[in-house]
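> To start, I am sharing the structure in question, which I have written as structure tokens.
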Amino acid sequence: MWPLPAGARRAPSVFLFAAFCGSLAITPGDAARAGDAARAASRPQNEFVVGAILDLGGGWTSLGHASRVTLQLADADANAALARRGARFHVRLDVVDAKGEPTLALRQLRRLARSGVRVVVGPQKSSEVAAVRRAATSLGVLVISQGSTAHSLAYASDNVFRFVPDDLREGEALVALLRHDGVDAIVPVWRGDAGNAGLESSVRRKFLTTGGKVSKGVPYATKATAFKTVVSSISSQAASLRSAGAKHVGVYLAGFDEVVDLFRAARSDSTLRAPWYGSDGVALTTRLLKDQSAAAFAHSVGYPNPTVGLSDSLLRRAAPLIAQARRRLGRDPDALALTAYDALRIAVEARQSAGPAAGPRLRRTLVAAANAHNGVTGRMRLNRAGDRAYGNFDFWSVCPVRAKFRWVRTFEYAAHQAGSGQVLPRAHC
């Protein structure tokens, strides 16, 4: 038998060496995970990092940018308070961008968890919270949302807390205003995401119990940009309600900044000059104010939008903080952004009580700290699901003020308790 060439004998060794090297190849994802783990291992024991998952580059950016400012102020105030008390740890804020995308919110949560973060403020939207809920519980991360309202996410045993009332309470406030205005039938219109679908469901259910009539409704896709068909359906359903005997038909719209495009499509339809009502996802957004034609339509149809509100006494107490935020933000932060401030301060109180321990102990101390906290947004009072039990709502309308459109607080819903409250007029456009 002839001997094999030397190269043939070496080939298996070369192949095995190449395969071995290939098995050691480091992907960008591996590098990122290794970096996160290294940062977690090197973090000083006296540092308490609070993560924040916000919509900054896309999505609900008005709340995202305002929350970043209030969280930065909370971080500074918390560290000053800890120093005065002689505490053995300090706080550091780690802000990441979800860009309004649920899948990105989940990736950001996992990244924060790998770096050792155990408390996160945000995400803001219910669709984002739905995306991170299971992972937060399995990873041992406590998530505190300052904007999610979908009642479908009210679970008692998970790691998600929402320091705002859920859509049952917002629906209650909205229906109270509908009845106050004499509206006896509505056409609901909503963006097809968890939060806005939940709002539509709550308003529908509550309005029907008061004797109002509700049409089939008009949902639209989350990526919708053209609204001609949506506007046509609204007009058709409003006409059907009138034909069926309704005297005062209104339109209820639950969405985000895309309402600007919807209003541009609706402005030429004279049949839609009925009273319109909005939701927390649009209240105080700057995009609507910047579009003259959309803002003019909003003003012509009323369009009050509810958001978690503060009583006059709370506003006076929060005035110095609001002034600080205004200097950085260029506008006043709303109650949801101020809720983010409270969330960080509560997380720090929980860390003081729990010590460096995480897991169930930190969760228990967070609940206790929240229920004992009287912050810039008032008493927290969590329910069994870890959501704020109830609260006041302010209604904001687009009004012309000194030749410009601005948001004006036109009504307040003063809650006495869950399920009970009254509408108070505040200002006229």
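> Just for the stretch 285-300: of the residues that are surrounded by fewer than 22 Cβ atoms within 10 Å (Cβ to Cβ) and without any contact (Cβ under 8 Å) to a residue 60 or more places away in the chain, which one is farthest from Asp184 (Cα to Cα)?
Lys290
> Within the stretch 389-429, take every residue that is of a type in the set (D, E, K, R) and outside any strand (DSSP E or B) and give me the one that is modelled with the highest pLDDT. Break it down into steps so the answer makes sense when it comes.
First, the residues of the stretch 389-429 that are of a type in the set (D, E, K, R): 394, 402, 404, 406, 409, 412, 426.
Still in the running and outside any strand (DSSP E or B): 402, 426.
Working: Arg402: 90, Arg426: 93.
Here the residue is Arg426.
> Can you find a residue in the stretch 55-73 that is part of a helix (DSSP H, G or I), open to solvent by 30 Å² or more (accessible area, probe 1.4 Å) and out of contact with any Leu (no Cβ under 8 Å at 6 or more places or on another chain)?
We begin by selecting, within the stretch 55-73, every residue part of a helix (DSSP H, G or I); these are 61-73.
Pick out the ones that are also open to solvent by 30 Å² or more (accessible area, probe 1.4 Å) and you get 61, 65, 68, 72.
After this cut, where a residue has to be out of contact with any Leu (no Cβ under 8 Å at 6 or more places or on another chain) as well, the list is 61.
Yes, the stretch 55-73 contains a residue that is part of a helix (DSSP H, G or I), open to solvent by 30 Å² or more (accessible area, probe 1.4 Å) and out of contact with any Leu (no Cβ under 8 Å at 6 or more places or on another chain).
> Further question: Scan the stretch 158-165 and tell me whether some residue there is in contact (Cβ under 8 Å) with a residue 40 or more places away in the chain, closer than 23 Å to Asp394 by Cβ, open to solvent by 50 Å² or more (accessible area, probe 1.4 Å) and of a type in the set (D, E, K, R).
Checked against the condition, which is being in contact (Cβ under 8 Å) with a residue 40 or more places away in the chain, closer than 23 Å to Asp394 by Cβ, open to solvent by 50 Å² or more (accessible area, probe 1.4 Å) and of a type in the set (D, E, K, R), the stretch 158-165 yields no hits at all.
> Residue by residue through the stretch 152-209, note down the ones that are under 16 Å from the mean Cα position of the chain (by Cα) and hydrophobic (A, V, I, L, M, F, W, C).
Across the stretch 152-209, the qualifying residues are Leu153, Ala154, Val160, Phe161, Phe163, Val164, Leu168, Ala194, Ala197, Leu199.
> What residue, among those in the stretch 376-388 that are modelled with pLDDT under 95 and touching a strand residue (DSSP E or B) at 6+ places or on another chain (Cβ under 8 Å), is most open to solvent (accessible area, probe 1.4 Å)?
Arg381
> Which of the residues spanning the stretch 407-429 are within 22 Å of the chain's Cα centre (by Cα) and more than 18 Å from Lys206 (Cβ to Cβ)?
Trp407, Val408, Arg409, Glu412
> Check the stretch 105-121 and report whether any residue there is within 22 Å of Ala350 (Cα to Cα) and under 15 Å from the mean Cα position of the chain (by Cα).
Checked against the condition, which is being within 22 Å of Ala350 (Cα to Cα) and under 15 Å from the mean Cα position of the chain (by Cα), the stretch 105-121 yields at least one hit.
> Taking the conditions exactly as written (of a type in the set (A, V, I, L, M, F, W, C), in contact (Cβ under 8 Å) with a residue 60 or more places away in the chain and in contact with a strand residue (DSSP E or B) (Cβ under 7 Å, 6 or more places away or on another chain)), does Val95 satisfy them or not?
It is false that Val95 is of a type in the set (A, V, I, L, M, F, W, C), in contact (Cβ under 8 Å) with a residue 60 or more places away in the chain and in contact with a strand residue (DSSP E or B) (Cβ under 7 Å, 6 or more places away or on another chain).
> Given the criteria closer than 23 Å to Thr410 by Cα, aromatic (Phe, Trp, Tyr) and either crowded, with 21+ Cβ neighbours inside 10 Å or touching a Lys or Arg at 6+ places or on another chain (Cβ under 9 Å) (or both), does Tyr220 qualify?
So Tyr220 fails the test.
> Okay, moving on. Can you name the residue in the stretch 354-370 that is modelled with pLDDT of 95 or more and open to solvent by 70 Å² or more (accessible area, probe 1.4 Å) and, of all such residues, is farthest from the chain's Cα centre (by Cα)?
Looking at the filtered set, the residue picked out is Arg361.
> Ok, one more. Go through the stretch 167-194 residue by residue and tally those that are open to solvent by less than 10 Å² (accessible area, probe 1.4 Å) and either touching a residue at least 40 places away in the same chain (Cβ under 8 Å) or assigned to a strand (DSSP E or B) (or both).
Matching residues across the stretch 167-194 total 11.
> When you check Thr229 against the structure, is it part of a helix (DSSP H, G or I) and surrounded by fewer than 24 Cβ atoms within 10 Å (Cβ to Cβ), yes or no? Before the answer, list the steps.
Working: part of a helix (DSSP H, G or I): yes; surrounded by fewer than 24 Cβ atoms within 10 Å (Cβ to Cβ): yes.
Here the answer is yes, as Thr229 does meet what is asked.
> Which condition breaks for Val129 when tested against (1) outside any helix (DSSP H, G or I); (2) touching a strand residue (DSSP E or B) at 6+ places or on another chain (Cβ under 6 Å); (3) β-branched (Val, Ile, Thr)?
So Val129 meets the others, but not (1).
> From the list Ala105, Ala81, Ala98, Ala76, exactly one residue is over 28 Å from Arg191 (Cα atoms), open to solvent by less than 30 Å² (accessible area, probe 1.4 Å), modelled with pLDDT of 95 or more and of a type in the set (Gly, Ala, Ser). Which is it?
Numbers: Ala105 fails: over 28 Å from Arg191 (Cα atoms); Ala98 fails: over 28 Å from Arg191 (Cα atoms); Ala76 fails: open to solvent by less than 30 Å² (accessible area, probe 1.4 Å).
Step by step, each of Ala105, Ala81, Ala98, Ala76 is checked, and only Ala81 is over 28 Å from Arg191 (Cα atoms), open to solvent by less than 30 Å² (accessible area, probe 1.4 Å), modelled with pLDDT of 95 or more and of a type in the set (Gly, Ala, Ser).
> Among the residues of the stretch 331-359, write down those that are β-branched (Val, Ile, Thr) and either in a loop (DSSP other than H, G, I, E, B) or within 12 Å of Ala78 (Cβ to Cβ) (or both).
Matches in the stretch 331-359: Ile346, Val348.
> Say we look at the stretch 237-284 and pick out the residues that are over 19 Å from Trp407 (Cα atoms), of a type outside the set (A, V, I, L, M) and touching a Ser or Thr at 6+ places or on another chain (Cβ under 7 Å); which of these is most open to solvent (accessible area, probe 1.4 Å)?
Step by step, filter the stretch 237-284, then rank; the result is Arg273.
The values are calculated or read from the model by the stated rules, or taken from the named source; none is laboratory data. The shown structure was predicted, so the numbers you read here are calculated from the model rather than taken from an experiment. Neighbour counts run over all protein chains shown; Cβ positions are idealised from the backbone, glycine included. Each accessible area value is taken on the protein alone, full model and side chains, heavy atoms only, with ligands, DNA and RNA left out. Shrake-Rupley method; radii C 1.70, N 1.55, O 1.52, S 1.80 Å.
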